[in-house]
Structures are given as structure tokens and as C-alpha cells.
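Undergrad: So that we are looking at the same thing, I have put the structure below in C-alpha cells.
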Amino acid sequence: MNKSPPFLISAALLFWGWQTNLLPLAILFSVAIEARRIIKTRWDLTRAEWSHLTDTCTIILLGILTAGFFRDKTRIMFDIGKLLPCIFFPLFAAQHYSLSGKVDLAALSLIARLQKKSSMTLPPVNLFYPYLLLSLIAAGFGNRTDGSYFAGICVLGGWTAYGFRSRQTPLYRWIVLILLAAGLGFSGHTALFELQKILTGMSRRFFEHSANPLKSITSLGDIGTQKMHDTILFRATPDTPAARPLLLREASYNVYRSPEWSAMGTRLNERPSTPADQPVRLSDPPEGSAPHSIHIHTRIRKGKDTLKLPGDTFQIDFLPRATLETNQFGAMVIKDVEKGLINYRASFSAGAAAESPPNKFDLEIPPDELNAITLFIDETGLKTLSSDAVIQTLKTAFNTQFRYTLNHKGKGSRQTPLANFLLDRKAGQCEYFATATVLILRACGIPARYTVGYVAAEYSPLERQFIIRQRHGHAWTRVFINGYWQDLDTTSPNWLELEDADQSIFHLFTDFGSFIAFQLSRFRWSETDYMSRLAIGLLILLILMISNRLRKQKETGRKKMSVKNKKQRPLRPANFDGFYRLEQALARKGYPRNPGETLITWAARIRQADAALLNYDDLRLIIQQHYRQRFAPDRVPESPSDQKAIDQLIESINPTRPGGNKKAGP
């Protein structure tokens, strides 16, 4: 620690506090660290005390975990990273004020602490640079975008590197190298950021649980087996049993450029804020209609999600206080949600959809798809039929002449994958059926849009509601007919059976675990006021349990040490009575040993006070011999020659008169 750059840790802590808006705490830590220059007291900490400090750090970590679990579980790892300097500060501060200046590594390892002789194999460790690194990492969780974090890292990194600079390297050359390293680091950071954006775009459709309301990338043209997971994403409870699987929309799109659908002519707009206990009204239901409703229970990831709603939703109830964004195609995004689980009710009725009327984009057909669409329409005779007949004929053709499959084989010999699907292979996933249906209807003069979402078709007797898995993700068509937008699903009706037949054999176990997690989430995000009390009670109970365990360990250690001292460390071993008689003789003469005074120091003090008292060369030899006999592994007792030499010294201190009377002392 003495070779570490001065004030570096304090500067890093202040930088961390500035970046994370924890500056008062950082100032407190810095003052505690720099007070070492004024406070000269140092402590010789034992392994047990290092272990207690480690347990203190563990308690702080558990406290952060408990608070994060009951506040926002999605931010637990963020909170831990942000508070890393707080978690490890007790250990680092103790090292700062310890005699050794290092931490007993065995105290940090649970396995080593359980072994009696772990100190023989684990050396002490200096936490200066590890704690510095943790402070810099924690500062990054401040998530500032003004470039101050990178500048601070460069300054503190250069400060650290200066302590290792070779004196043979000129200062100007060292500065140039540091600036060059900083420039390369900034360039690498920028390149990685751009690469991240590219990879995020490529993997979005595989890993995102919510649709992008403005863009959707399909698997048209992909090769291989497209299989989604059995993971349960959300749950739904309709008010009345549905006659067919219920479609829950996330977003709709109107422009197709293979393999991507986009929402052109619209954007997300923030709705006026609505109190949490008031319904969100999207449109008015048609007169004389019989509305239905469905309850949705879904997790919110990172405070943002796309709501799953029936296509004809006109009102949403029980939404938490949050920001709502909608577009003209009926998509609704909820943001800034403090809860991790929300439960809302969607009321819907035929013809009540809050969507914009058809426009030119809803009749657009990509030029490279027009030839295949025209050939299919000519083969099926759709051009001369009415709108209702077109829809019925199209559904019949897809149900009888096409089949559902997850195994894609590319575009084939045709110009596009969609042309190969319509004219040759006649097999594909729901994205093929939905895209083909939209373009065919447009070619027949019927406005249509591509829609993605989920289908509620799997009822769970255990939960008494529908469970929607990731593999229940679906694509279908929104068609404008009879004056309003309607759902049209032309995918082969056996697609759900094919998906269910290929599910994992372990899904019962994972489903039960998901059910337990769902119930815990409902309890955790309940609106009742006892949740905060329960969190505080659990934290207090945890601290009391750990404190009680540490107290018992300390008492047990004291008892063991007391018994060990009584058995193995007698105050006056029987094998060394001669030397202790000499010590007592000198004490009676007025020269007792002071507490903590070594034998050599004690002898030198007596010689300085009374040089003629005894032969000090003989006394020094006796002390050296006593050390070898006292602390040697074999513990050899005093020899007769040693006893004789000691007797002579005692006689010289208090010589006896003829007749056996001792000479009076001073």
C-alpha cells in the first residue's frame, strides 16, 4: 500500500459518487480513507476479525438483494454493480488501518475458513488495486452519455500507470503513449458500439419478447427448423369461454419489403396521462354490441412492454401509473412501469378497433411479388369474386392445399421465398400464410395489414386460465371489410397441434416452477401496504440471525482458546524452574520485568542501573540458552550445568553469610 499512488483511491471514489449521484457517500468514504494520514493508530487484526468483516460485507450485499427484490427485481444486478464500493468498503477500510496493510485471504474463502490450517497455504492479499477497479466499474453504472465517464477513466488510468512508469522513459514520451492508448480505446469503444447495434438488429426477433410496433423481421427465406421455446410469457383469463383461439395483437404493419414488414405513415405518440385507477378509453363500442373482456397477467421487463390486446379493444382497465404510447395501427407500448408484474383488463367488441382507416399503403404490393400473386389469383379464380367470397375461398384453399411446417427450405427456384411458398412448396410457417394473405387481398382490392401477437389456446387446469408460451407467437391478417377492421387467420388450423406435439418432455416441471414464480410475483407486486413491512422484517431477521451466529462463533472460539491456553501454555513450565528463580531474585532486588519487555531489554536495563550487580555476560548466555530451550521444537529442559550457572548468579545477587544467613539487600 505504501507504493500505491497517493489520493488515488479517494479520487476514484469521488469519481464514482459523481457518476452515480452518490457524492455524499463517496465524500464520507474518502474522508475515512484519507484520515489514515492523521490517525496513527493501527490494529493487528486476527483471522476471526477478518472473517467478521467479510460477514459484514455479506450482510450489506444481502440487504441490497432484499431491497431490490421487493422494489424492482429487474434492477437487482444494476443496484449491486452501482454499490460495489459500499459492499467491500468495510474490508478495504480495515486493511487501510491494519498493521499488515493486507487482508487475510483465508478470511475471504468459506472453504478456507472451515479448514483449521488454511493460513499455511493462503497468503495475505492487498485490496488496493482490486478496490480501485471495482470503484471504476461501479462508476460506469451511472450511465452518463456526456463522455465524462470515458474522460475520468483515462485520467485515473493515467494516474495509476504513472506509478509504474520507468524512470528511463522520458515524461513527454510517456504522455504521448498514454494519449495514444486513450485514442485507441475510444476508437475501439465506438467500433464495439456500432457492432452491438448490428448484432442487436440481427438477434432482435430471436430474443425479444415484445414486438417492435414499427418494424417486424420475418423468417421468410430462412433455411432450417424454426422452433420457439416452451417458456410461459404471460397468462390470460377471458370472461366467457371463447369458441375459437383468441388472438392477442401486439402490432400491425402495412409495408412489405422481404423479409421485413414496416409501419409506414405512423409513429408512436404519447397519450395524455390517465390516473392509475381510471380506465383508458381508446374508442366507443358500437351501439347494441355485446362487449367481452379478458384479463392479462404479464411481466414487465426493464420497465417497458408492448401490451397484448384483442384487435377490437376499446377500453383498458387497471393499468398502473405509467407512460402509454400508441400508433394509428392499434399498437400500445407501456413505459416507465415501476412494477414487475401488471394485471389489466381489455374490453373488446366487433367493430370497435381504434385504428386508422385504410390508405394507399394498405393496397401496396411489392413489384417482385406481383407476378406470383397474380398467378395464384388466376389459379384460384379470386379476381371475379366478392370480398366475402374472396376471403372464404382463400381460407378454403390454404386449409386444403397448404400445410403448416417449421422446416424452411429457402426460396427454391422462384424469385422470392413467398413465390415458392404459393406456387411450389405450399408449406410454411404462419408468417408465410399471413404475408401471402395480405398481398393476395390487396391484389383483389381489399385493404389488409400484417399483424403479429400471440394466440390464447392452451388452458391450464392448475391455474384455471390460459397460459401463453413463446411458441404461441403468431402472425395473421387484419382485413378491412364491411366497414371495419377484422382479424383473419388463414394458417392451417392444425398448427397448434403440431407445436404441442414437439414440446419438451420436461414442460410439466418448468410449468409448475413458472406457476410458483407467478404466484410469488403476484404477492410481491400486490398493492397492499404490508409488503414494505415484510421486506423490513425479513431484513431485520436476516441481520439478527447472522449476528447471532457470529456471536456464538466468537464465544466458542474464546472457550477453545481458553482451554488450549490452560492445557498447552502453563505460566511457569516445570522444566525451567532455575531461570524463573533467577527472575524472581532480580525482582526482589528491585528489577522486575515490565509487561511486554523482552529478556534482553530487561537485562540491558538492569546493567545500566547497576553494572556491578552480577556478571552480565553470563546472564546474556543464560537468556540465549533459555530461549533455545523454551522455544525449540523438542523443548529440551535445563541441564545441570545450566542450573549451576543460574545458582552462581543468584548467589552473586544475594550472597549468604557464614552460618546460612543471607546478606541483607539494599
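The values are calculated or read from the model by the stated rules, or taken from the named source; none is laboratory data. Note that this is a predicted model, so its numbers are computed, not measured. Backbone-built Cβ (ideal geometry, glycine too); neighbour counts: all protein chains shown.
Undergrad: Every residue in segment 344-365 that is touching a residue at least 60 places away in the same chain (Cβ under 8 Å) and farther than 17 Å from ASP312 by Cβ, please.
TA: ASN359, PHE361, ASP362, LEU363, GLU364, ILE365
Undergrad: Return yes when THR323 is crowded, with 19+ Cβ neighbours inside 10 Å, touching a Lys or Arg at 6+ places or on another chain (Cβ under 9 Å) and of a type outside the set (A, V, I, L, M, F, W, C) and no when it is not.
TA: Taking the combined requirement at face value, the residue does not satisfy it.
Undergrad: Would you confirm whether any residue within segment 613-626 is acidic (Asp, Glu) and at pLDDT below 75? First the steps, then the outcome.
TA: So in segment 613-626, the residues acidic (Asp, Glu) come out as 617-618.
Narrowing further to those that are at pLDDT below 75: none.
The answer is no; no qualifying residue exists.
Undergrad: Taking into account only those residues within segment 358-393 that are assigned to a helix (DSSP H, G or I) and in contact with a Cys (Cβ under 9 Å, 6 or more places away or on another chain), which is surrounded by the most Cβ atoms within 10 Å (Cβ to Cβ)?
TA: VAL390
Undergrad: Taking the conditions exactly as written (of a type outside the set (Gly, Ala, Ser), crowded, with 20+ Cβ neighbours inside 10 Å and assigned by TED's automatic domain parsing to the domain that holds TRP495), does PHE234 satisfy them or not?
TA: Yes; evaluated as a whole, the condition is true for this residue.
Undergrad: Give just the number: which of (1) within 30 Å of LYS302 (Cβ to Cβ); (2) in contact with a Phe, Trp or Tyr (Cβ under 6 Å, 6 or more places away or on another chain); (3) hydrophobic (A, V, I, L, M, F, W, C) does ALA352 not satisfy?
TA: All conditions pass for ALA352, except number (1).
Undergrad: Can you list residue pairs whose Cβ atoms sit under 9 Å apart, with the first residue in segment 413-433 being free of Cβ contacts under 8 Å to residues at least 40 places away in the same chain and the second being of a type in the set (Asp, Glu)? Count only pairs 6 or more apart in sequence or on different chains.
TA: From residues that are free of Cβ contacts under 8 Å to residues at least 40 places away in the same chain, the pairs are SER413/ASP424.
For (1) outside the structural domain of CYS86 (by TED's automatic domain parsing); (2) more than 24 Å from LEU83 (Cβ to Cβ); (3) modelled with pLDDT under 85, each residue gets a yes or a no:
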site: SER100; (1), (2), (3): no, yes, yes
site: LEU134; (1), (2), (3): no, no, no
site: ASN143; (1), (2), (3): no, no, yes
site: THR160; (1), (2), (3): no, no, yes
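Undergrad: If the requirement is being surrounded by 24 or more Cβ atoms within 10 Å (Cβ to Cβ), out of contact with any Pro (no Cβ under 7 Å at 6 or more places or on another chain) and either at pLDDT 90 or above or not assigned by TED's automatic domain parsing to the domain that holds THR393 (or both), which of these qualifies: ALA434, ALA443?
TA: One residue alone meets the criteria, ALA434.
Undergrad: Can you run down the residue pairs with Cβ atoms below 9 Å, 6 or more apart or on separate chains, where the first is in segment 531-552 and surrounded by 10 or more Cβ atoms within 10 Å (Cβ to Cβ) and the partner is modelled with pLDDT under 75 and not in a helix (DSSP H, G or I)?
TA: What qualifies is MET531/TRP525.
Undergrad: Shifting gears a bit: Hey, can you tell me all the residues within segment 400-436 that are part of a helix (DSSP H, G or I) and under 20 Å from ARG449 (Cα atoms)?
TA: PRO417, LEU418, ALA419, PHE421, LEU422, CYS430, GLU431, TYR432, PHE433, ALA434, THR435, ALA436
Undergrad: Go through segment 611-627 residue by residue and tally those that are acidic (Asp, Glu) and surrounded by 15 or more Cβ atoms within 10 Å (Cβ to Cβ).
TA: 0
Undergrad: When the residues of segment 133-182 are narrowed to those that are of a type in the set (Ser, Thr, Tyr) and loosely packed, with under 13 Cβ neighbours inside 10 Å, which ends up nearest to GLY17 (Cα to Cα)? Spell out the reasoning first.
TA: Our first condition is that a residue be of a type in the set (Ser, Thr, Tyr); within segment 133-182, this holds for 135, 145, 148-149, 160, 162, 166, 169, 172.
In the following step, the residues that additionally are loosely packed, with under 13 Cβ neighbours inside 10 Å were identified as 145, 166, 169, 172.
Working: THR145: 16, SER166: 32, THR169: 34, TYR172: 32 Å.
Here the answer is THR145.
Undergrad: A follow-up question, please. ALA457 is checked against (1) aliphatic (A, V, I, L, M); (2) over 26 Å from PRO238 (Cβ atoms); (3) crowded, with 17+ Cβ neighbours inside 10 Å and fails just one. What number does that condition carry?
TA: Failed condition: (2).
Undergrad: Still on this model: Can you pull out every residue in segment 240-255 that is over 24 Å from THR326 (Cβ atoms) and either of a type outside the set (Lys, Arg) or assigned to a strand (DSSP E or B) (or both)?
TA: If the condition is that a residue be over 24 Å from THR326 (Cβ atoms) and either of a type outside the set (Lys, Arg) or assigned to a strand (DSSP E or B) (or both), then THR240, PRO241, ALA242, ALA243, PRO245 are the ones that fit.
Undergrad: Also, quick follow-up: Just to be sure I understand the filter: pairs with C-beta atoms under 8 Å, separated by 6 or more residues or on different chains, first member in segment 610-624 and part of a helix (DSSP H, G or I), second member aromatic (Phe, Trp, Tyr). Which pairs pass?
TA: Every condition considered, the pairs that remain are ILE622/PHE579.
Undergrad: Then there is this: For segment 474-530, how many residues are acidic (Asp, Glu) and either assigned to a helix (DSSP H, G or I) or at pLDDT 85 or above (or both)?
TA: 6
Undergrad: Does any residue of segment 27-41 turn out to be of a type in the set (Lys, Arg), within 30 Å of ARG549 (Cα to Cα) and in contact (Cβ under 8 Å) with a residue 12 or more places away in the chain?
TA: no
Undergrad: Any residue that is farther than 30 Å from ALA419 by Cα, surrounded by fewer than 20 Cβ atoms within 10 Å (Cβ to Cβ) and among the β-branched types (Val, Ile, Thr) - is there at least one of those in segment 286-306?
TA: Checked against the condition, which is being farther than 30 Å from ALA419 by Cα, surrounded by fewer than 20 Cβ atoms within 10 Å (Cβ to Cβ) and among the β-branched types (Val, Ile, Thr), segment 286-306 yields no hits at all.
Undergrad: Tell me which of these ALA397 doesn't satisfy, since it passes every other one: (1) in a helix (DSSP H, G or I); (2) aliphatic (A, V, I, L, M); (3) closer than 30 Å to SER293 by Cα.
TA: Every condition holds for ALA397 apart from (3).
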